[in-house]
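Read through the structure below, which is laid out as structure tokens, and then see the notes.
The values are calculated or read from the model by the stated rules, or taken from the named source; none is laboratory data. Treat the numbers as computed from the prediction; the structure is a model and nothing was measured. Neighbour counts run over all protein chains shown; Cβ positions are idealised from the backbone, glycine included. Surface areas here come from the heavy atoms of the whole protein model, side chains and all, with no ligands, DNA or RNA. Shrake-Rupley method; radii C 1.70, N 1.55, O 1.52, S 1.80 Å.
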Amino acid sequence: MTISMFRPGRRVAAGVAAILAALALTAVPSPAHAEDGQPVLALSNANDANIDNVGTSIGFYLYNYGDAPATDVTVTYDGSSLTDDVVVTVEDFVEGCRQTGKTVTCDHGDLQPGQTELVYSINLASRPGSTPGDAGKVDVTLKGSGPDGTASTATWALPVIIMPAGPNLVASAEDIGSEQARVGPGDTRPLTASLVNKGDTAAEGFYVTFDLPTGATFAERYSDCVYSNDWPGEPPAGYVYGPTSVTCKTTLDLQPDEGLALFDPETGEAVFNATFGKNLSGPERHQGYFAVGLLDEQQLPDVRARAKAASGGPSFADRVAELHAQAKDSRTVEPSESAPASNSEPASNSEPASETAAASKPASESVAASESAANGNLAEFDIWAKANSHDFEVSTTAVTGDVGDTVEVPYTITNHGPSDGGAGWRIVAPSGTVLLPSDWCSFHDEDGDPVAELPEVNCHTESEWPAKASGAGVVSSTIRVKINSTPGTNGTITVNPSGPSEELEPENNTAKIVINGSSGGGGGELPITGVQVSLIAAIGGGALALGVVLFLVTRRRRDVVVPPSE
């Protein structure tokens, strides 16, 4: 049985990931008797519809137990029997769905024999203030056609339960810059973010976390926050290598529908500001993240103790307390009118946002998302970076070896920056030789099976490639080469920079692999780079011509030049 899976929604009921396999095996409906040459369809829900006002993405398994494909497959979700407290929406990433009232029909193409497909098409949410308990059901119908046009149908009833909301923190954040107004080295911009309690009980203390891409960091250093993802050492002036993450906690209470903007709506002054270094890659649309969450009972006393003991340097808790006091006359901070309806109260039922909400409205592409209890509630925002450039260079060291030997050819690949980037490299063996498994390189055939040797191989790192200014940015390694016959001069190592930044010197992206025979003379310790290969040849040719001229001049003047005394 093959299983394909569409992209899940932003929020699936807790524990779904752990039970998906069990559901596929134990909760599958028994198929009806299959007629020869016809599809037999069945379906079941992947998670329970225990919903609150934040919204839950509902998944369904679609099965074909027959021995023929089902074509023109559709699924209809009929929510007409749900109470008025339930809102049905189509997930924003889903295509091919049509909604009328609380009924949604989605097209799913074909379902092959033995195929199981997991789809997430609808989102169910309760309205604020809804009464917890039974809220009706969604009647789901799966339809498809057999090869001769015979219809195959399966049905499923999904009960819907409204859960007590409790405190629910929702995060929002604005983009930094835009496609027309990008940020770059030396720039500083405010992190304009806010949170609101969309639950029905108070949030007694919470945390906030910001995550930034490499090349960005925080201008502030609060004494009661934890900074992380810092690179070791001190980079040169103008480069930024962390910290890229900060988490701060506060005992401030947020009542239902009460929010907090982490900036002053009047002045625009923010609790956190992002600053950018020479190594920020671009032009690129980087992602940043703003997360909020509740403190559990074990965390809270410790946070209160830390808040009382904090001294020396600015305090995050004090700063947000000031902002909270300033906003006490504007108690509601909506994340965004432009946020997807599936993540908050549907737009048709939204109340007007306060002045604070208007000031904290995210950019149109930003996404607000939330979960209840102590889980993190995440908002993604874009950081539009200016164009940048880097210089990747390859150098090799010549080695000595004879037929039958296996030699190790040293090579170094360096990102001279200034921009961070990414790269892979390709190694081509000289004629008469083959490459043997070595670090960084993938020795596999086209089917993905390991192989003992290759004439050429692709190599790569598993992460971004920072500039040398980071204290990293250099890969020094060796490639094992087996000599089968006299080595040719056509072996190369070529780095292929990737990412948005421009490559400054493509001519030094390739270096030759040089293998001298043991009787072939010296020269085995000099590094060979892409620039040096042609340069050395030119200089050598010039030196040879100059030597011939000097030899002839010396012979012609030997009879008139008196040598110095011994």
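Using amide H atoms built 1.01 Å from N in the peptide plane, name the residues 5+ places from residue 400, or on other chains, whose amide H lies under 5 Å from its own.
516
Can you check how the C-alpha radius of gyration of the range 139-293 compares to 2.2 N^0.38 Å, as a plain ratio?
With N residues counted in the range 139-293, Rg over 2.2 N^0.38 Å equals 1.52.
Using each residue's phi in the range 43-56, evaluate 6.51 cos²θ - 1.76 cosθ + 1.60 at θ = phi - 60° and report the 3J(HN,Hα) Karplus result to the nearest Hz, with x for Gly and Pro.
With coefficients 6.51, -1.76 and 1.60, one gets 8, 7, 7, 8, 8, 6, 8, 9, 10, 9, 6, 7, x, 9 Hz.
Provide the net charge surrounding residue 130, with neighbours chosen by a C-beta distance below 10 Å and charges set as Lys +1, Arg +1, Asp -1, Glu -1.
Neighbourhood net charge equals -3.
Around residue 425, which amide H atoms from residues at least 5 apart in sequence, or from another chain, sit under 5 Å from its own amide H, with H modelled in the peptide plane?
459, 460, 496
In Å, what is the Rg of the alpha-carbon atoms in the range 117-156, and how long is Dmax?
Both quantities, over Cα of the range 117-156: 16.1, 51 Å.
May I ask you to evaluate 6.51 cos²θ - 1.76 cosθ + 1.60, the Karplus curve with θ = phi - 60°, for each residue of the range 461-474 and list the ³J(HN,Hα) values in order in whole Hz, giving x for glycine and proline?
8, 10, 8, 5, 10, x, 6, 4, 4, 6, x, 10, x, 10
What whole-number value in Å² describes the accessible area per residue of the range 83-215 for a 1.4 Å probe?
39
Of the heavy-atom accessible surface of the range 58-165 (probe 1.4 angstrom), what whole percent is carbon and sulfur?
Percent of accessible area from carbon and sulfur atoms in the range 58-165: 51.
Using DSSP to define loop residues, name the GluC sites (Glu not before Pro) in the range 174-260 whose beta-carbon has at most 14 other beta-carbon atoms within 10 Å.
When the GluC sites (Glu not before Pro) of the range 174-260 are filtered for loop state and at most 14 Cβ neighbours within 10 Å, 179 remain.
Pop the C-beta distance of residue 230 and residue 439 into the FRET formula with R0 = 30 Å and round what comes out to the nearest 0.05.
The computed FRET efficiency comes out at 0.65.
Percent of accessible area on the range 425-490 owned by carbon and sulfur, 1.4 Å probe?
The computed percentage sits at 47.
Excluding residue 99 itself, what net charge comes from residues whose Cβ is under 14 Å from its Cβ, given Lys and Arg +1 and Asp and Glu -1?
Overall, the nearby charge balance is -3.
From the gyration tensor of the Cα coordinates in the range 173-239, what semi-axes in whole Å does the equivalent ellipsoid have, largest first, with each one equal to sqrt(5λ)?
29, 19, 9
Treat each spin label as a single point 7 Å out from the Cα along the C-beta direction, and report the residue 80 to residue 50 distance in nm.
Result: 3.1 nm between the two label points.
Starting from the Cα-Cα distance between residue 98 and residue 453, subtract it from 0.36 nm times their residue separation and give me the gain in nm to one decimal.
122.3 nm
Name the long-range amide H neighbours of residue 239: under 5 Å, sequence gap of 5 or more, or other chain; modelled H, no Pro or chain starts.
278
Once you place label points 7 Å from the Cα toward the Cβ at residue 204 and residue 179, how far apart are they in nm?
My value for the distance between the label points is 4.9 nm.
Can you give the accessible area per residue of the range 423-501, in Å², using a 1.4 Å probe?
For the range 423-501, the solvent-accessible area averages 49 Å² per residue.
Go through 198/249; 386/512; 102/328; 249/278; 249/468; 482/512 and tell me which ones have a Cα-Cα distance over 28 Å in this structure.
As for pairs spanning more than 28 Å Cα to Cα, those are 386/512; 102/328; 249/278; 249/468.
I want to check the label-to-label distance for residue 403 and residue 426. Put each point 7 Å from Cα in the C-beta direction and report it in nm to one decimal.
The modelled label-to-label distance comes out at 3.0 nm.
Spelling out what I want: for every residue of the range 246-252, take phi, set θ = phi - 60°, compute 6.51 cos²θ - 1.76 cosθ + 1.60 (Karplus), and round to whole Hz; glycine and proline get x.
3J(HN,Hα) across the range 246-252, in whole Hz: 9, 10, 10, 10, 8, 8, 4.
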